[in-house]
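Working notes for the structure below.
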Amino acid sequence: MNRRGFLAAAAGAALSTQQMKAARLPIRKGILISMLPKDLSLQEGMQAAIDAGFQDIECETVGDPKRVEDIKAASEKTGLRIHSVMNMAHWTYPLNSPDPAVVKKSMDGLETSLRNAHFWGAETVLLVPAVVGPKYSYWADAWTRSQKQIRTILPLAEELKVIIAIEEVWNKFLLSPPEHARYVDEFNSPWLKAYFDVGNIVFYGYPQDWIRTLGNRIAKVHLKDFRYHDSKMEWVQLGEGDIDWKEVHAAFADIGYHGTATVELEGGNAAYLKDVSRRVDSILEGRSF
């Protein structure tokens with residue numbers, strides 16, 4: 001191949017790479033159960049999500065057997081797949097508490113979440129593993145205690161075939177991509193992965209950096225936007241904050257993520273859900289809003 005031919009081939013390869021990164025990501029669109037229209041029944045709300053273009057839904061921990069059955073029935077009738085369960089006990093009852101009674105309530109909640117997920121056919125349970133504060137130190141309490149408790153329930157996760165996915169939130173814990181990756185890696189288990197929230201780290205980091213560092217550790221994703229201006233911090237609609245969504249698109253393309261991305265926003269009516277769905281399409285297709 002002469003020099004001209006080589007340069008032409010290189011340019012073509014570069015263009016192909018750019019086109020691949022600009023192509024729609026193979027990611028399913030998910031919605032939180034709390035976002036469904038409040039004036040509709042559960043089944044009607046799920047149907048509204050389907051009509052808006054969503055494919056999956058993330059539910060919350062449910063202890064009432066009838067509610068558990070109702071959610072499954074509504075999912076099956078509408079075709080809105082339950083892909084994940086958001087554990088609800090970890091804030092009120094942190095796993096790293098020194099109080100055994102608090103830890104027991106947290107573990108009971110996590111077990112309920114895992115059994116919910118198994119019954120509903122969901123792949124993951126979202127878990128905030130620990131809280132750092134005046135009474136809870138970073139390493140000795142939050143890191144060590146939470147890992148100890150999670151290890152005791154991993155056999156159940158394996159038995160039920162449900163992944164526990166660790167999310168980074170505003171809890172002063174897992175504050176950098178390497179820390180999040182290390183926390184996950186120390187379990188050395190396919191049943192413990194990362195749940196990455198794109199909006200949660202904008203105040204002190206860049207989503208694209210976290211995505212590339214966490215790589216295939218990411219089991220599931222939350223989408224929301226954040227804006228910091230004139231000392232004011234606020235959650236905003238997708239595309240109206242500080243996130244460079246084209247960079248996020250490129251990062252997800254780089255790691256080959258193909259799971260579900262669930263919007264975590266305020267709820268609204270059917271028209272609102274359609275607007276949110278449209279915004280997610282823009283993100284997945286690498287387009288401007």
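The values are calculated or read from the model by the stated rules, or taken from the named source; none is laboratory data. Only a predicted model underlies this, so the values are computations on that prediction, with no experimental measurement involved. We place every Cβ from the backbone using ideal geometry, glycine too, and count neighbours over all the protein chains shown. Quick note on the areas: whole protein, heavy atoms, side chains included, nothing else; ligands and nucleic acids left out. Shrake-Rupley method; radii C 1.70, N 1.55, O 1.52, S 1.80 Å.
Check cross-link reach from LYS104 to the lysines: straight Cα distance under 16 Å, and skip same-chain residues fewer than eight apart.
Straight-distance partners of LYS104: LYS148.
Would you calculate, for the chain, the mean residue ellipticity at 222 nm contributed by helices, counting each DSSP H stretch of 4 or more residues as -39,500 (n - 2.57) and dividing by all residues, to the nearest 500? Provide the component values of the computation, followed by the final result.
Details: 9 runs with 126 residues, N = 289.
Result for the chain: -14000 deg cm²/dmol, rounded to the nearest 500.
DSSP beta bridges in the chain, what fraction antiparallel, as a percent rounded to 5?
Details: 6 of 36 bridges.
The antiparallel proportion sits near 15 percent.
Lysines within cross-link reach of LYS274: Cα-Cα under 29 Å, excluding same-chain residues under 8 positions apart?
Within reach: LYS21, LYS29, LYS38, LYS72, LYS77, LYS220, LYS224, LYS232, LYS246.
Keeping all protein chains in place, calculate the accessible area per residue for the chain (probe 1.4 angstrom), answer in Å².
Working: 13660 Å² over 289 residues.
Here the per-residue accessible area is 47 Å².
Mind giving me the FRET efficiency for ASP99 and LYS38? R0 is 35 Å, r the Cβ-Cβ distance, nearest 0.05 is fine. Please report the intermediate quantities before stating the final value.
Values: r = 36 Å, r/R0 = 1.02.
Using R0 = 35 Å, I get an efficiency of 0.45.
Based on the alpha-carbon gyration tensor of region 141-289, what equivalent-ellipsoid semi-axes (square roots of 5 times the eigenvalues) come out, in whole Å, largest first?
28, 17, 15
Listed highest first by mean packing, meaning other Cβ atoms within 10 Å per residue, what order do 230-239, 75-84 come in?
Details: 230-239: 12.1, 75-84: 19.5.
Highest-to-lowest ranking by the protection proxy: 75-84, 230-239.
P(r) for the chain: what percent of alpha-carbon pairs falls in each 5 Å bin, starting at zero?
Binned Cα distances yield the sequence 1, 6, 12, 15, 17, 16, 13, 10, 5, 2, 2, 1, 1, 0, 0.
With just the Cα atoms of region 57-140, tell me how far they stretch along each of the three principal axes, in Å, largest first.
Each principal axis gives a Cα extent; for region 57-140 these are 47, 20, 15 Å.
Need one number for region 214-289: average projected area of the convex hull over its C-alpha atoms, nm². Working shown, then result.
Details: hull surface 22.9 nm².
It is 5.7 nm².
Once both axes come from the Cα atoms, what is the angle between helix 100-120 and the longest principal axis of the chain, in degrees from 0 to 90, rounded to 10?
Once rounded, the angle reads 60 degrees.
In the chain, what percent of the accessible surface is made up of carbon and sulfur (1.4 Å probe, ligands and nucleic acids excluded)?
Working: 7360 of 13660 Å².
Using a 1.4 Å probe with all protein chains present, the chain comes out at 54 percent carbon and sulfur.
Taking every DSSP beta bridge that has both residues in region 136-232, what percent is antiparallel when rounded to the nearest 5? Please report the intermediate quantities before stating the final value.
Working: 1 of 9 bridges.
Of those bridges, close to 10 percent are antiparallel.
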